[in-house]
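Asks: Before I ask anything, let me first share the structure, which is written out below as structure tokens.
Nothing in this text is a laboratory measurement; each read-out follows from the coordinates by a stated rule. A quick note: this is a predicted structure, and the numbers were derived from the prediction, not measured. Ideal geometry is used to build each Cβ from the backbone, glycine not excepted, and the neighbour counts take in all protein chains shown.
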Ligand code: ADP
């Protein structure tokens, strides 16, 4: 809703991940309340971020005092201490925060965070690792997953298909992917795919399909 979209955001834990997140949110013009229990982190970031507070985020009363109960969206960026991360999410659930996002550092950690009430769990190391693996072994330039089943990728034409004119219907029937954009060398933007695709070496495609189909198509060789 509109409130969560424009309201302030709190970031808890100013380690490597949380500090980058807080800076990026501030750069996007959002009001950020950053919290860390370590006074050194608080001092380090207070010149770069508008609002930085020292508190133990597992302490519900301390969070309430900072006005956190009125913040629509909170990101728990604590990574190393699973205990601190889980207890912080519990405190935020108690405060009734509408949108609790939490960072996991392992599969088990992710499960626990969901079961104690985090609304969205992100696992940056796993997500980046998966994406990078595909980028390294194929001609994939970008890869985004949706809802554990669906994906969109930006790829250079797979080697096996270079020079083979084909059409959209064939790609959908044979590989289960739909081409939603085509960019030829020298062009500066993507166009909607036409019926017949001329798959030259330097053509890039934006394709959609199930994760499995998109990965299989991207790695055709
Ligand atoms: P990264 O991998 O991003 O560097 P870390 O887990 O090493 O993440 O850092 C997490 C940050 O969260 C540290 O700055 C730490 O002081 C802070 N932190 C840990 N526990 C708490 C807590 N209970 N309350 C507030 N901040 C915490």
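Asks: Taking residue 90 and the conditions (1) under 23 Å from the mean Cα position of the chain (by Cα); (2) farther than 26 Å from residue 130 by Cβ; (3) part of a loop (DSSP other than H, G, I, E, B), which numbered condition does it fall short on, given that it satisfies the others?
Replies: Of everything listed in (1) under 23 Å from the mean Cα position of the chain (by Cα); (2) farther than 26 Å from residue 130 by Cβ; (3) part of a loop (DSSP other than H, G, I, E, B), residue 90 misses just condition (3).
Asks: I'd like the full set of residues that are under 16 Å from residue 86 (Cα atoms) and within 25 Å of the chain's Cα centre (by Cα), limited to segment 36-57.
Replies: Within segment 36-57, 36, 57 qualify.
Asks: How about segment 95-115: which of its residues are over 15 Å from residue 74 (Cα atoms) and surrounded by 15 or more Cβ atoms within 10 Å (Cβ to Cβ)?
Replies: Those that are over 15 Å from residue 74 (Cα atoms) and surrounded by 15 or more Cβ atoms within 10 Å (Cβ to Cβ): 105, 109, 110, 112.
Asks: Taking segment 42-94, which residues are closer than 21 Å to residue 119 by Cβ, away from the ligand (no atom under 12 Å from the Cβ) and surrounded by fewer than 18 Cβ atoms within 10 Å (Cβ to Cβ)?
Replies: Correct list: 64, 67, 69, 70, 72, 93, 94.
Asks: Scanning for something under 30 Å from residue 35 (Cα atoms), within 16 Å of the ligand (Cβ to nearest atom) and in contact with a strand residue (DSSP E or B) (Cβ under 6 Å, 6 or more places away or on another chain), does segment 129-137 turn up at least one residue?
Replies: no
Asks: Look through segment 22-41, keep the residues that are more than 9 Å from the ligand (Cβ to nearest atom) and in a helix (DSSP H, G or I), and return whichever of them is farthest from residue 74 (Cα to Cα).
Replies: Among those that are more than 9 Å from the ligand (Cβ to nearest atom) and in a helix (DSSP H, G or I), it is 39.
Asks: Note down all Cβ pairs under 6 Å where the first residue falls in segment 50-74 and is touching a residue at least 60 places away in the same chain (Cβ under 8 Å), the second is surrounded by 20 or more Cβ atoms within 10 Å (Cβ to Cβ), and they're at least six residues apart or on different chains.
Replies: Correct list of pairs: 71/10; 73/9; 74/10; 74/92; 74/97; 74/100.
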